[in-house]
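Written out below as structure tokens is the structure these notes cover.
The values are calculated or read from the model by the stated rules, or taken from the named source; none is laboratory data. In this text the structure is predicted, and so the values were computed from the model without any measurement. Every residue, glycine among them, receives a Cβ derived from its backbone with ideal geometry; neighbour counts consider all protein chains shown. With ligands, DNA and RNA removed, areas are computed over all heavy atoms of the protein, side chains included. Shrake-Rupley method; radii C 1.70, N 1.55, O 1.52, S 1.80 Å.
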Amino acid sequence: MKQKQLGLFSLMAAVVGTIVGGAAFNLPSDMAAAAGSGPVILAWVITGLGMLALAMVFRNLSSRKPELSGGIYSYARAGFGPFIGFSSAWGYWIASILGIVAFVTLFFQTLRFFSPLFGQGDNLPSLVGGIAFVLFFHWLVARGIKEAAIINIMTTVAKLIPILIFLIIVAAAFKRDVFMADLWGPGSFSWQSVSQQVKDTMLVTLWAFVGIEGAIVLSGRAKRAKDVGVATIVGLLGTLAIYLLISVLSTGILSQAELAALPEPSMAYVLKAIVGPWGAVLIVIGLLISISGGMLSWYLVTVEIPYVAAQDGVFPDRFAQVNRQGTPMVSLWWSTGITLLFTGLVYVSASTYQKVYSMASVAILIPYLLSALYQVKLALVGETYLKDGRRTRDLLIGALATGYSLWTLYAAGLTYLLMVSVVYAVGMVLYLWVRRGQEQSMRKWDWIVAGIIVMAALVALGGGMV
């Protein structure tokens, strides 16, 4: 039995904690590398609408289907069967682990500000430090979900302080002429150029919002079911405002070319250009706190996924085992083990923070898309709408969330889709192992989907993409 431990503020911290991680602190250069000021604003409007639609989908599903306490995984399983449900759970789990690995890489890459010892976060000192970092959070979560959630609230507040200081100073120093100079990017204005610039920012903006479902995944531990939806919507709107201000105000301080050339974390160097070295130190410290808080939020979410899936019989039963504090220890150990494996692979392959978070973003888009499709399915068949007139509204919201998810998958490009297919293909081995003792067989549609995933994985492996 799950302990109903988490109140509204804990759930909001889970949302903000998972969303506001390292991405916020490098938005000035990440966005400027792809787009001018105008396309940046358009990109955030599109992403904001898409993510708002997804947030409303999550809120609606959590209220209409409160028994599906696994959130994102549960929706895929309820809507499209055990195999699709498992694939969603597996993909979301691995995406969450990749998110943790991205945080580890960025943490030690950020320490380069104080010492060159850690390089780009992909050398031996970073590997050793990363292993210790991951094991520390393993220990912290093992002490109990409630205790970890309390710490998460504190780190969420702590990392928002330097961001707010940044916004106040940059707003005061904002130069309209600098902002207008790069309004539509290099060259003259054209819709083709603007649309391409917007498209090129999609993975950046998506990664900035990955974690919006944090409260949904933890909904089974919420004291009040209604708090889940409130935490999701409030967390989204507050974070969107922060991201938009960071991106736009920075373009009024330095030119697009100057912003794109800044090292990570670019927020530090934007503030340094205004107030001097102490501003950079403030942002770097804030980023280190933010990464630590983001790591904790991601760990809470990551450990919960196999636990819920095991309770539904999709993951092995042992993943449902908990310790005295209510922490799913088997799930925790497996999550930590795979995280350490990926951390080692980053070291061996010298992968960058951007590459890791791009893979995590694409992997998590599949569960997002399946949740949106489930919302559409409920509205079309009328399930849970017998005495409710909001069916058309929810159908439109589900369609918007579906369209946004498909558009972002397209914007991500074929390479990342093929790379992520390898992750999903590996999960099929676990699925077949779990199902071997069960009489239920895969449907024809499931075999078709499985075949597509395997073929895509073989193309990726054959092309040396992984």
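Quick notes on this structure:
- Contact order relative to length of the chain, as percent, for alpha carbon pairs under 8 angstrom and 6 or more apart: 32 percent
- Excluding ligands, DNA and RNA, the accessible surface per residue across region 271-408 is 39 Å² with a 1.4 Å probe.
- Region 30-123 - accessible surface per residue (Å², probe 1.4 Å): 26 Å²
- Inter-site label distance for residue 415 and residue 176 at 7 Å from Cα along Cβ, in nm: 4.1 nm
- Net dipole in debye of the chain [+1 Lys, Arg Cβ; -1 Asp, Glu Cβ; about Cα centre; nearest 20]: 1120 debye
- For residue 315, the residues 5 or more places off, or on other chains, whose built amide H falls under 5 Å of its own are 310.
- Between helix 8-19 and the chain: long-axis angle, C-alpha atoms, 0 to 90°, nearest 10: 60 degrees
- Across the cross-link table entries 199/355; 159/223; 223/377; 272/355, which are compared at the Cα atoms, the separations over 20 Å belong to 159/223; 223/377; 272/355.
- Amide H to amide H, with H built 1.01 Å from N, residue 322 comes under 5 Å of 329, counting only residues 5 or more places away or on other chains.
- Extreme residue, positive dipole direction of the chain, given options 66, 198, 52 (C-beta unit charges): 66
- In the chain, taking the dipole from charged Cβ atoms about the Cα centre, the farthest positive-side position among 276, 325, 174 is held by 325.
- Within the accessible area of the chain, the carbon and sulfur atoms contribute 68%, probe 1.4 Å, all protein chains present.
- Region 25-78 versus region 317-365: alpha-carbon centroid distance in Å: 22 Å
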